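Structure record follows, encoded as structure tokens.
Each reported figure results from applying straightforward, stated rules to the coordinates on display, with no laboratory input. Bear in mind the structure is a predicted one, so any value in this text is a computation, not a measurement. Virtual Cβ from ideal backbone geometry, glycine too; neighbours counted across all protein chains shown.
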Amino acid sequence: MHKLDLQIRFNDIDQMGHVNNAVIMEFFDLGKDHFFRARGLPPEEGDFTVMVVHYEVDFRSQIHKTDAIAVETEVERIGNKSLTVLQRIVEQGTGRLCAECRTVMAGYRRSTAASDTIPDDLRQRLLA
């Protein structure tokens, strides 16, 4: 599992006094970006990448400006051409679950502009 500490900014807070749901999606995207870079798959580089094809999010509890939070990211499942990424935003210290996201991503080859099989070496790095 990959963990990324997050900094809540003033403009992340909405009129209700908590982190806006759209910002929470940005936190999940940031977590995926750091996860894939750490596994040797920078999203903007190389011929092979993965792209989002489905999101499923559950907002569990409010996040306030003073909360210390992190996003945890791991691959839950890998198929032939797709994978499911499980992410959680948790409060540090208490482990309180704030939001949970499952993202289905498909392998994609830029040179052919088509879906492609996830290479075996990448499969191993993603599950590490």
(message) At most 15 other C-beta atoms within 10 Å and a DSSP loop state: those are the exposed trypsin sites (Lys or Arg not before Pro) I care about. Give me the longest piece of the chain that has none.
(response) 10-59
(request) Distance from a point 7 Å along Cα→Cβ of Leu97 to each backbone N in region 19-60: keep the residues under 14 Å and list them by number. (result) 57-60
(message) I need the phi-derived Karplus couplings for region 101-111: 6.51 cos²θ - 1.76 cosθ + 1.60, θ = phi - 60°, integer Hz, Gly and Pro marked x.
(response) 9, 10, 10, 8, 10, 10, x, 9, 9, 4, 5
(message) Mean-square fluctuation check for the chain, GNM, Cα pairs under 10 Å: which of Asp33, Asp116, Asp14 is largest?
(response) Asp14
(request) Return the sequence-ordered ³J(HN,Hα) values of region 54-64 in whole Hz as given by the Karplus equation 6.51 cos²θ - 1.76 cosθ + 1.60 applied to θ = phi - 60°, using x for Gly and Pro. (result) 6, 10, 9, 10, 10, 8, 9, 8, 5, 10, 10
(request) Considering the options Thr49, His34, Gly93, tell which one lies farthest towards the positive end of the dipole of region 2-127, charges being +1 on Lys and Arg and -1 on Asp and Glu at the Cβ, about the Cα centre. (result) Thr49
